Amino acid sequence: MTAAKKQQIAFLIIRTLSILVVGILFVILGFIIIRGIGVINWDFISKMPEEGMLEGGILPAIIGTLYLIAGSILFAFPIGVMSGIYMNEYLKDGPAKRFVRLMTDNLAGVPSIVFGLFGMALFVNKLKFGDSLLAGSLTLGLLALPVIIRTTEEALKAIDDTYRHASYAMGASKLHTIKKIILPAAFPNIITGLILSIGRVSGETAPILFTVAAYFLPRLPHSMFDQAMALPYHLYVLATSGTDIDKARPIAYGTALILIIIVLICNLMANLIRKIQRK
Amino acid sequence: MSNIIETQHVDFYYGNFKALRNINIDIPEKAVTAFIGPSGCGKSTLLRLYNRMNDLVDGAKLEGKILIDGEDIYDKKIIVEELRKKVGMVFQKPNPFPKSIFENVAYGLKVQGMKNKTELENRVEDALKKAALWEEVQAVLDKSALQLSGGQQQRLCIARCLAINPEIILMDEPASALDPISTAKIEELILQLKDRYTIVIVTHNMQQAVRVSSKTAFFYLGELVEFNDTNIIFENPERIETRNYVTGKFG
Amino acid sequence: MNKLFKNLQVGILAFSSLVTTITVLLIVIFLFSEGLSFFNKKPIEPGFIIAVHPDNPITFINPTECKRIFDQDITDWKEVTGHAQPITLVTLEDIGNNYSEEQMGAEMEYLDTCYNHFIQGDKGVIAMIPERNFTNKIKANKLKLDKNSIASFVQGKEWFPTAKPIAQFGAFPLLVGTFLVSLGAILLALPLGLACAIFMSEITSVRIRSYMKPVVELLAGIPSVVYGFFGLVIIVPLIQKVFHLDVGETALAGSIILGIMALPTIITISEDALQNVPKSMREAAYALGATKWQTILTVLIPYARSGITTAAILGIGRAIGETMAVLMVTGNAANTTLNILKPVRTIPATIAAELGEAPNGGIHFQSLFALACILFLITMSINLYVNFISRKKA
């Protein structure tokens, strides 16, 4: 077989496999969208679940997930951005920086179920928050932290040093330069990281299993010390507790679709910002 | 002396940038031809057209014709891999593969499908001898090529190129990243090879052009300004730009 | 004052950057303090001891044998190196069924006598006795029971944490299940991911590549519970049909779903590794007459090998730690099996499935933390190893 022939065959295989990868995504998305689209209507997203979740809407799960997103981002975003600033603008290359980065990488690699256990041990039991939005938000926030730190660092690194030097040359202090020059310039990229971590937080199940998630709670949470339902856990419950599969499945498809829509919106927004940024 | 490469009315673009303008130059067989000129004058670009290395660049476009051995090398019938076996290339920075010395030299042969071990060994030895590297490396053929000095690495790259028996060797500033002693060795090697191969060398170093080449072409702003015997270009050029450049008034 | 304010701001920034480090340390502390206290306990219901007739030569019993005795798998003492003698089980329930409340006493103060009566009547008795009632009125030998050991935890073949009176904490099937599913996932994902990375980096145009990047990103963004749901309604029935199985929830289903989930990691990192191969390497190969495929195979992949290895390792790491999707599709039977068409149970799935029912602070609860410690150690070593390789390269 000639080298050219071999190349033809190899490339054919590689192309086929790549199309398969793209195909997998579209099959999953298409499947959930086709099965779920008929379920979603105003009642579905605005009503309380009824008949042991087999009828009615999924409002408390939507609201619970929104609260969890807000809570975790409120906690993780400021800390993550500040940490990213310190890492990129203040900390010099050396053992200290390497150590902090290693720890951040390690945290990013911790399995989500371990976050769940940790959140329960620290927030629910030790700090006595109980199963609550607060405990769940903090756990999810810790999970999102490494992503936000890393994207902030990347965003700051992408800012040309001439910006910094120009600002210093005009007598501005370092803090002033960061606040007025560097951060605004890096802002779109930081936001991209934020949006992607929202996508991640909204879909995580394992960390909220033992920190906040309520199996069935047909009311909205009263305070941040209250339990709440959440979309991913709701989907898990509907998919696996097979009391009446025929009735539960449509609601499960609808819930999965809502989750996918959140992720799609986050990804689209992130890509849009990137595209605008490039121009 | 016949011409092995004929360049006819060549215009070349990178996207909208016109890198070469109406180039006509014929390269003589079994001799050393030097391309000189300031940075960005198009000399390297032209060199890379001869083995279609610029095919890899997005948005590159060629107008005009380049013939090697009378064949249009941009014709659809040409298999580019075959062309590159005939037209070898040595790059500015030594770029050995992170493999053993032996594997580096044998690479081109293996790519062609040569499997016989004895034959491979003979060809590798032969190529290393031609590149004047055999004495230094024969005991360490299975060591990584990256352990060699810069000068040795460049001669290894030349050996790698010689192993596939090219007719033409393109050299893109082959000594610019090397120290003076290594440079001298490379130049010596070029002189040894010039009777058997057609060599086209791009260089910034005018003394080098004088030392190794029999003909020299001077490029400026994408145009071929002057092409003649090397001694004429350096001693009595026709064009004032050439004179200014070779006497160091600009560049 | 102004200076103080500035220093304070920088101080806050510095503290923020320590949050991840503090979190990792806290995770270690909480995980290991709960997890390690598991190894300080005996696998018996708290407050109980096990005793046999004084003539019985047995003095020691291991948890597996004990469970099999109480399950009536073992019915004669000779099966556990004793004399031939049928085994009679005596539990608190048996006492309650045979004696009146009066006989036991209002405060259970005569329970010891009742037990003694039972034990003296039958040489084959094995009795489970509340520790506070084990007074010297009972003529019986208390059996020694080992504390949970790391060795028995890791090697034990039975995971049955709610078994009475002796719980079984053998994590071996869970470890095997975890590795089986992850290995299967990587075997599926690596060729697919690598092919996709080669396609994006070397073969296709810049334009198509720019369309594929978001596709890969979306694959990474889909929540694991959605993958699990998809697996449950599509992959599981498919496997059941194709292989004519009774249940489709198998290790294979887990591997397929985890393989899809590991794809983005593998694609992104291998593509980076390929893109990082210097242009000069490609040029050298092309200039020697190599075709694109030969260049990919003989120069680019060897050059990017460490990056591709990293991709595979991180992919495995992701698969090992994944919880929800696996929980939903692998059937969760604690089998020790290498058959990918059997249900298996992984460590994360075990934790997720059981923690809700394990009483806080109990031995079952702690055993799940011990599992989490194993998980943490595995993923931590993977991260440290990857960090080590990438630093060695830089």
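Of the residues A:Ile181, A:Ile40, A:Ile14, the one that moves most in a GNM of chain A with alpha-carbon contacts below 10 Å is A:Ile14. For the residues of A:3-16, the average number of beta carbons from a partner chain within 10 Å of their own beta carbon is 5.
Quarter the surface of the alpha carbon convex hull of chain A and you get the mean projected area, 21.7 square nanometres. For chain C, the 222 nm mean residue ellipticity estimated from helices alone, with every DSSP H stretch of n ≥ 4 adding -39500 (n - 2.57) and the total spread over all residues, rounds to -18500 deg cm²/dmol.
The alpha carbon centroids of the stretch C:49-64 and the stretch C:125-164 are separated by 9 Å. Taking each of A:Lys92/C:Lys213; A:Lys6/B:Lys85; B:Lys30/B:Lys85; B:Lys85/C:Lys279; B:Lys86/B:Lys194; B:Lys18/C:Lys292 in turn, the alpha-carbon distance tops 23 angstrom for A:Lys92/C:Lys213; B:Lys18/C:Lys292. Here the relative contact order of the stretch C:172-391, from alpha carbon pairs under 8 Å that lie six or more residues apart, stands at 31 percent. Residues in the stretch C:10-136 average 52 Å² of solvent-accessible surface per residue, probe 1.4 Å, ligands and nucleic acids excluded. With contacts taken as Cα pairs under 8 Å at a separation of at least 6 residues, chain B carries a relative contact order of 27 percent. Distance distribution note for the stretch C:53-126: the fraction of Cα pairs above 16 angstrom is 53%. Peptide B:83-90 has a mean of 3 when you count, residue by residue, the C-beta atoms of other protein chains within 10 Å of its C-beta. Protection proxy ranking, highest mean first, for peptides C:116-123, C:220-227: C:220-227, C:116-123, where packing is the per-residue count of other beta-carbon atoms within 10 Å, averaged. Among A:Ile262, A:His176, A:Leu143, which residue has its Cα furthest toward the positive end of the charge dipole of the stretch A:58-278, with +1 on Lys/Arg Cβ and -1 on Asp/Glu Cβ? Farthest along the dipole direction, towards plus: A:His176.
Dipole size of the stretch C:48-144 about its Cα centre, with +1 on Lys/Arg Cβ and -1 on Asp/Glu Cβ: approximately 440 debye, rounded to the nearest 20.
Pairs of Lys residues in the stretch A:172-279 that lie 8 or more places apart, or on two chains, and have C-alpha atoms under 27 angstrom apart add up to 4. Please give the FRET efficiency for C:Ile22 paired with C:Ala353, using the beta carbon to beta carbon distance and R0 = 35 Å, rounded to the nearest 0.05. Once the sixth-power term is evaluated, E becomes 0.70. With the charge dipole of the stretch A:58-278 set up from +1 on Lys and Arg Cβ and -1 on Asp and Glu Cβ about the Cα centre, the Cα lying farthest toward the positive end among the listed residues A:Ile159, A:Ile273, A:Met87 is that of A:Ile159. Considering helices alone, the calculated mean residue ellipticity of chain A at 222 nm is -23500 deg cm²/dmol, with DSSP H runs of length four and up weighted by -39500 (n - 2.57) and normalised per residue.
P(r) tail, the protein assembly as shown: Cα-Cα pairs separated by more than 55 Å, 33% of all pairs. Seen from every direction in turn and averaged, the convex hull around the alpha carbons of the stretch B:88-166 projects onto 4.6 nm².
Projected over all directions and averaged, the alpha-carbon convex hull of chain B occupies 13.6 nm².
A crude spin-label estimate for the pair A:Phe99 and C:Thr309, with each label 7 Å from Cα along the Cβ direction, gives 2.8 nm.
Note on C:291-298: average number of Cβ atoms from other chains within 10 Å of each residue's Cβ is 6. When every Cα-Cα distance of the stretch A:50-126 is counted in 10 angstrom steps from zero, the calculated P(r) takes the values 14, 29, 31, 17, 6, 3, 0 percent. Overall, chain C carries a charge dipole of about 2320 debye about its Cα centre when +1 sits on the Cβ of Lys and Arg and -1 on the Cβ of Asp and Glu, all other atoms neutral.
The values are calculated or read from the model by the stated rules, or taken from the named source; none is laboratory data. Everything numeric in this text was worked out from a predicted model, so none of it was measured. Cβ coordinates were reconstructed from backbone atoms using ideal geometry, including for glycine residues, and neighbour counts include every protein chain displayed. Surface accessibility is based on the protein's heavy atoms, side chains included, excluding ligands, DNA and RNA. Shrake-Rupley method; radii C 1.70, N 1.55, O 1.52, S 1.80 Å.
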